[in-house]
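The values are calculated or read from the model by the stated rules, or taken from the named source; none is laboratory data. These numbers were taken from a predicted model, which means no experiment stands behind them. Every residue, glycine among them, receives a Cβ derived from its backbone with ideal geometry; neighbour counts consider all protein chains shown. Only protein heavy atoms, including side chains, enter the accessible area calculation; ligands, DNA and RNA are left aside. Shrake-Rupley method; radii C 1.70, N 1.55, O 1.52, S 1.80 Å.
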Amino acid sequence: MTDESHARPNRWKRFSDWDERPLRLDKFAAEDAANGFAAFKSPFDPKPGFSLAAGVVESMDGIASRDFDMIDFFIARYHLDPEIAPEAMAMPSLEVARMLVDMNVPRTTLVRLARGMTPAKLAEVVGHLSSLEIAFAYSKMRARQTPGNQAHVTNAKDDPLQMAADAATAVAFGFDEIETTMRVARNSWSNAVACAVGAAVGRWGTLFQCSSEEAEELKIGMAGFTSYAETVSVYGTEKSFIDGDDTPWSKAFLAAAYASRGIKMRCTSGAGSELLMGFHDRKSLLYLEARCLCLQRAMGAQGTQNGGIDGAPVTCTVPGGMRELMAENLIAVWLDLECASGNDARATESEIRVGAKILPYLIAGSDLICSGFGSILKYDNSFNASLLNGEELEDYLVLQRDFEADGGLTPVGETRVMELRARAVDAISAVLEELQLAKPTKDMKQSVVAASGSDETRTFSGRDVAMISEAIFARSITVIDVIKALAARGFTEEAENLLKLVRLRVSGDYLQTSAVVRDGRIVSAVNNPNDYQGPGTGYRLTDERRDEIVAIRDVLTRQEVLRVEATFRPAEVTRIAYKPVGPAATTRNEREVVIGISPAFGVKLFQTVAGHPLSAILRVLIAGITEGGGTARVVRMRHTADTSFLGLSAARLAGSGIGIGIQAKGTAVIHQKDRLPHNNLELFSNSPITKLEHYKRMGLNAAAYALGEMPEPVIVPTRGEAMGSRYHARVSLIYAIETEMTSEGAEPEEIDVTFIGAAA
């Protein structure tokens, strides 16, 4: 071994850089069908097949009826339509796949065919589609035309005050449904009451569920606190069902029980659940999920919470995992089920993968884009962190604005949020006091109203909440008692809002597929069917809805830029005076460096985007030129605001042939009179990170060039900041102000600059 090989590095350092990125926290599994790690295809998957005998399914997907397990039996008996199946199963899968993305084939035609397809057939068809095609087909096939969204509202303390405040906040942001669960199971009744009250603040119609043990959840629903349920879990293998002490028939009975009480009901299924339970039967994730979805349609369920759900993280470890989650959602809507399309469990630590995962759903739309957007902070999410959480809610609002896509949410101003949170805390406190469940103190309430998360609250202990919850259950308190308490304490609007929701359970209108409540009326697949058939059809943003979506906070306008700049002017006039002294002419001073300032420099604009007063910039530039042995002269250009031409024009006026051009935003250049306009000597293009010391050195270098020297160019170091995203809106508005003050052919103007007092 040579000395050279001893010294040779054994690792490219970029891998060490990558090791520090959040992505490295994600773990990835090898594709291994025998152990259940196969997204779309497994050699153990059955081939699509179907036969009838005397109107009865004789075989399905290669399995004779005598060998059916209970899932096969249920699907064959209640899902497959024997009048459609011979036609649907005989169609080539690739042809059906193309129909899914053919805008000329109506949704209704495809929904009919799905009723005659077996799980293996459905999986084979969608397996022909790319991710782009799946997203397109999903946009076409979803049941309701208008997209919606669903939120998680929980907190680490199960605190009812925070629960109510966060529920009211989620409702204000536009979530159509909110869902809670508990850190301590016995706190379910307290959580249910708090969320029901909070969701009634500000407007009515937001549906609410309390995710608990199935029997307990049904009791809470029967007490009137909840309006929907979606935790009736369904699995794709018989062993998984047996492990949960369930059968398709028991699940169907529970679904019917909810519906009989006027409670909207969805089942839950998702890729990876059988894998996590150890009963995957070596089948692909998509095939197992296709079985689950056929079961749900067979049960008569209103819809499905589908798309990985708790199994999403393990699904995303295998190749094609995210595509598989999209594919199973497509099967769900193809089967005409309402789809709360997953995106709840956080499947990755990579923010890039998070953004990539949500985007197809955002632009395609979904009945509920997330079956649990964490409207609260990650650590308060008792379901575990969602794909998107309170930390990222504003990012999501901006994505809506970026793509002009309706993700179901609407920006809300700070004042309105505080009003609603205070109202919700007062309302739930009134209920707790009126029903003699607890008496929150003023400090407890104040700590909750402004709190971003439970770490910042001084409120009920876990023991306090358990006592409240058990008292609600023991005393058989119902939603009617809560409505009466609200009314008795003067919360008339909230009492009426809650009563209207309870009244809906009597009418049963929101038991329609994909039903949500908007502006006091049911919007569902019945009265708002998705009729997408190409451009100009299907859901389109109205002008009013677009105005709502784009109204995020901190949006810059020309007026705002000028307003802010005007605030800097009083200080600047105490530091510098600009006196025009007539047209500027060329001199013969060979040491002279002319500084060409832009039209609005010190007139309408007074500070660079880095925050340096323009007086300070001129002061150090002149100081640098002087210290370097040069003579500075300031000229205002009025024919251009372009940096290169500011510098070149200045250079042509200077006796040395060297000039500096500088815009009010801080971009600066050293130029020489005989050079091409954009072939300068030195350029400071990143004004937001340019410091005064850089401008000082620019002045020194300009003087050196004037004296015929070759100085070391000044480099403003950058760490890869996204300068454009941070500053380009403001920069463009500033530049527009500059260019408005230009006049073609206008002569440069000599400026007598006087510095007043000390530098800023």
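Please compute the Cα-Cα pair-distance distribution of region 501-545 with 10 Å bins starting at 0, giving whole percents from short to long.
Over region 501-545, the share of Cα pairs per 10 Å bin runs 24, 43, 24, 8 percent.
Which angle between 0 and 90 degrees, to the nearest 10, do you get for helix 351-364 versus the longest principal axis of the chain when only C-alpha atoms count?
The angle comes out at about 70 degrees.
How about K283: which aspartates and glutamates have a C-alpha closer than 12 Å to its C-alpha, ignoring those fewer than 8 places off in the same chain?
Cross-link targets: D32, D45, E274.
Per residue, how many Å² of accessible area does region 226-318 show with a 1.4 Å probe? Please report the intermediate quantities before stating the final value.
Values: 2580 Å² over 93 residues.
That works out to 28 Å² per residue.
If packing is taken as the mean number of other Cβ atoms within 10 Å per residue, what is the order of 518-525, 541-548, highest first? The partial results should precede the final answer.
Numbers: 518-525: 15.8, 541-548: 11.6.
Per-residue mean Cβ counts within 10 Å order the peptides as 518-525, 541-548.
Quick check for you: with a 1.4 Å probe and neighbouring chains kept, what is the accessible area per residue of region 628-742, in Å²?
Working: 4980 Å² over 115 residues.
I get 43 Å² per residue for this part.
Given the options N155, V314, A405, identify the residue whose Cα lies farthest towards the positive end of the charge dipole of the chain (+1 on Cβ of Lys, Arg; -1 on Cβ of Asp, Glu).
Value: A405.
Going by Cα centres, region 699-760 and region 240-309 are how many Å apart?
Taking the Cα centre of region 240-309 as reference, the centre of region 699-760 is 65 Å away.
Using the heavy atoms of the protein chains alone and a 1.4 angstrom probe, what is the accessible area of region 33-97 per residue in square angstrom? Let's see the in-between values first.
On the way: 3260 Å² over 65 residues.
That works out to 50 Å² for each residue.
Can you give the helix-only mean residue ellipticity at 222 nm for the chain, where every DSSP H stretch with n ≥ 4 adds -39500 (n - 2.57) and the sum goes over all residues, rounded to the nearest 500 deg cm²/dmol?
On the way: 30 runs with 323 residues, N = 760.
Rounded to the nearest 500, the figure is -13000 deg cm²/dmol.
Roughly how many debye, to the nearest 20, is the charge dipole of region 464-511 about its Cα centre, given +1 on each Lys and Arg Cβ, -1 on each Asp and Glu Cβ, and no other charges?
Details: 6 positive and 7 negative charges, 36 e Å.
Its charge dipole is roughly 180 debye.
Report, by chain and number, residues whose modeled amide H sits under 5 Å from the one on S375, excluding near sequence neighbours (fewer than 5 apart, same chain).
Placed amide hydrogens put H152 under 5 Å from S375.
Taking only Cα atoms, what is the 0 to 90° angle, nearest 10, from helix 723-740's long axis to the longest principal axis of the chain?
So the inclination is approximately 50 degrees.
In percent, how large is the relative contact order of the chain, given Cα pairs closer than 8 Å and 6 or more residues apart?
Working: 1629 pairs, mean separation 102.7, N = 760.
Normalised by residue count, the contact order of the chain is 14 percent.
Between helix 188-198 and the chain, what is the angle of the helix's C-alpha long axis to the longest principal axis, kept within 0 to 90° and rounded to the nearest 10?
50
Over 27 Å between Cα atoms: which of K251/K378; K157/K439; K140/K219 fall into that group? Present the calculation step by step, with values, prior to reporting the outcome.
Values: K251/K378 31 Å; K157/K439 17 Å; K140/K219 38 Å.
Beyond 27 Å: K251/K378; K140/K219.
Quick one: pull the percent of accessible area on the chain belonging to carbon and sulfur, 1.4 Å probe, ligands and nucleic acids left out. Don't skip to the end; give the middle numbers.
Numbers: 16480 of 31840 Å².
That fraction is 52 percent.
Please identify the GluC sites (Glu not before Pro) of region 551-618 that satisfy two criteria: DSSP loop assignment and at most 16 other Cβ atoms within 10 Å. Which are they?
Numbers: sites: E560, E565, E572, E590, E592; in loops: E590.
Listed in order of number, the matching sites are E590.
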